[in-house]
Amino acid sequence: MKNEPSKRISALNAILLTAVSLLSVAAIAIPDARAASSLLPSDQCDAEAGSEHDLQRNLAFRPVATDDIRIGIALSACREAYNQGSGPRQTFELARVLHAAGQRGQAMAMLEEAAEGNHAIAMVNYAVMLGERGDHAAEFALYQKAAATGNILAAFNLGVAYRDGTGTPANGPLAAQWFERASVARDNLGAFNLAVMLDEGKQLPEDNGKAAQFYRLAAERGNVDAMINLAIMLETGEGMPADAGAARAMFTLAAGKGDAFAQAKIAQAPAATAIVEPGEQASLLLPKSERAK
């Protein structure tokens, strides 16, 4: 990326609070069983508080976005399921509902219990909360344990930990391995962050061609920052032949998703292409210090 316009390094640099409890997720096409009558408390808890990020979720019910949790119903069902000793999954779901209700202390206690029961996504969320309290060694250890089960969010967070040296010495190659593992599981954040590492060439050898490939993967999965960076590479011919039409199409896609920088690029493009020489295109790009972090 030397001597090329700087690109967007997004807020994704921070470890995600996957808090399955905190992420809004789209419902998949499974019939909604929440309206079913005579459900056992454990099943009602699964129906009201299951998370898309939980690979151990009860697949008889579609996942519930955080904003869609009916806290009163979910809390009642999950507390009853917990009191009946249903198991780590419902304990995690109770934690998720408690967190959504603003009861962080109780949520953390339930997450700890579910994590001790080897519930992977509970490990990830509990790790994040431990990290917020400054216990990065325990945070890192839980990411490792959860990632070993195949949990995608754990793999991503482990990549961030290795990249940033959180609870472990920084290690670019290991960070890249975990980001790629998340990417293989169709995670757009893993693909984007691996692309940034390859693009910047700080912790890995710079490889603009591979960076473009991973930006494209992330863009295809809806990552707007990846769309912007790929558009810049197409515009300037970094890591690939310059293609103004493809760059404009990618900026247009990002603009349609509400990205202000892309909207500005589209708005100025007709005049810019008429008067700006190729070597001056960098002046149309915001320096990294002014881009979203």
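Where a number appears in this text, it was derived from the coordinates with a stated rule and is not lab data. Given the structure is predicted, the values throughout are model-derived calculations rather than measurements. Here the Cβ is made from the backbone with ideal geometry for all residues, glycine too, and neighbour counts use every protein chain on show.
Take the residues in region 133-148 that are in contact (Cβ under 8 Å) with a residue 12 or more places away in the chain and of a type outside the set (A, V, I, L, M), then tell me which one is farthest from residue 182 (Cα to Cα).
Among residues in region 133-148 that are in contact (Cβ under 8 Å) with a residue 12 or more places away in the chain and of a type outside the set (A, V, I, L, M), the one farthest from residue 182 (Cα to Cα) is 136.
Scan region 164-173 and give yes if some residue there is surrounded by 24 or more Cβ atoms within 10 Å (Cβ to Cβ) and more than 27 Å from residue 258 (Cβ to Cβ), otherwise no.
No; the residues of region 164-173 include none that is surrounded by 24 or more Cβ atoms within 10 Å (Cβ to Cβ) and more than 27 Å from residue 258 (Cβ to Cβ).
Return the total of residues in region 83-99 being of a type outside the set (Lys, Arg) and buried (at least 24 other Cβ atoms within 10 Å of the Cβ).
Number satisfying all stated conditions: 9.
Which numbered condition trips up residue 211, out of (1) touching an Asp or Glu at 6+ places or on another chain (Cβ under 7 Å); (2) of a type in the set (A, V, I, L, M); (3) not in a helix (DSSP H, G or I)?
So the condition that residue 211 fails would be (3).
Quick check on my filter: what residues within region 209-230 are among the aliphatic types (A, V, I, L, M) and under 14 Å from residue 186 (Cβ atoms)?
Within region 209-230, 217, 218, 219, 226 meet the criteria.
Could you check region 124-138 and list, in sequence order, the residues that are part of a helix (DSSP H, G or I) and more than 14 Å from residue 96 (Cβ to Cβ)?
Result: 127, 130, 131, 132, 136, 137, 138.
Hey, among the residues in region 142-156 that are over 19 Å from residue 226 (Cβ atoms) and of a type outside the set (Gly, Ala, Ser), which one's surrounded by the fewest Cβ atoms within 10 Å (Cβ to Cβ)?
For region 142-156, the residue satisfying everything is 149.
Any chance region 188-197 includes a residue that's surrounded by fewer than 20 Cβ atoms within 10 Å (Cβ to Cβ), farther than 18 Å from residue 233 by Cβ and of a type outside the set (Val, Ile, Thr)?
Within region 188-197 (the criterion being surrounded by fewer than 20 Cβ atoms within 10 Å (Cβ to Cβ), farther than 18 Å from residue 233 by Cβ and of a type outside the set (Val, Ile, Thr)), the answer is no, since none of the residues qualifies.
Would you please name the residue that is farthest from residue 157 (Cα to Cα), looking only at residues in region 173-218 that are without any contact (Cβ under 8 Å) to a residue 24 or more places away in the chain and polar (S, T, N, Q)?
Result: 213.
Based on what the data block shows, is residue 67 closer than 16 Å to residue 118 by Cα and either in contact with a strand residue (DSSP E or B) (Cβ under 8 Å, 6 or more places away or on another chain) or among the acidic types (Asp, Glu) (or both)?
When the stated conditions are applied, residue 67 does not pass them.
Here are some conditions: (1) in contact (Cβ under 8 Å) with a residue 40 or more places away in the chain; (2) acidic (Asp, Glu); (3) not in a helix (DSSP H, G or I). Residue 52 meets all but one. Which one does it not meet?
(1) is the only condition that residue 52 fails.
What number of residues within region 140-185 satisfy the criterion of being of a type in the set (Val, Ile, Thr) and more than 21 Å from residue 115 (Cβ to Cβ)?
So the count comes out to 1.
Just to check your reading of the model, which residue among 204, 194, 217, 189 is closer than 28 Å to residue 53 by Cβ and assigned to a loop (DSSP other than H, G, I, E, B)?
204
State all residues of region 227-259 that are under 17 Å from residue 192 (Cα atoms) and β-branched (Val, Ile, Thr); if no residue qualifies, say none.
Result: 228, 232.
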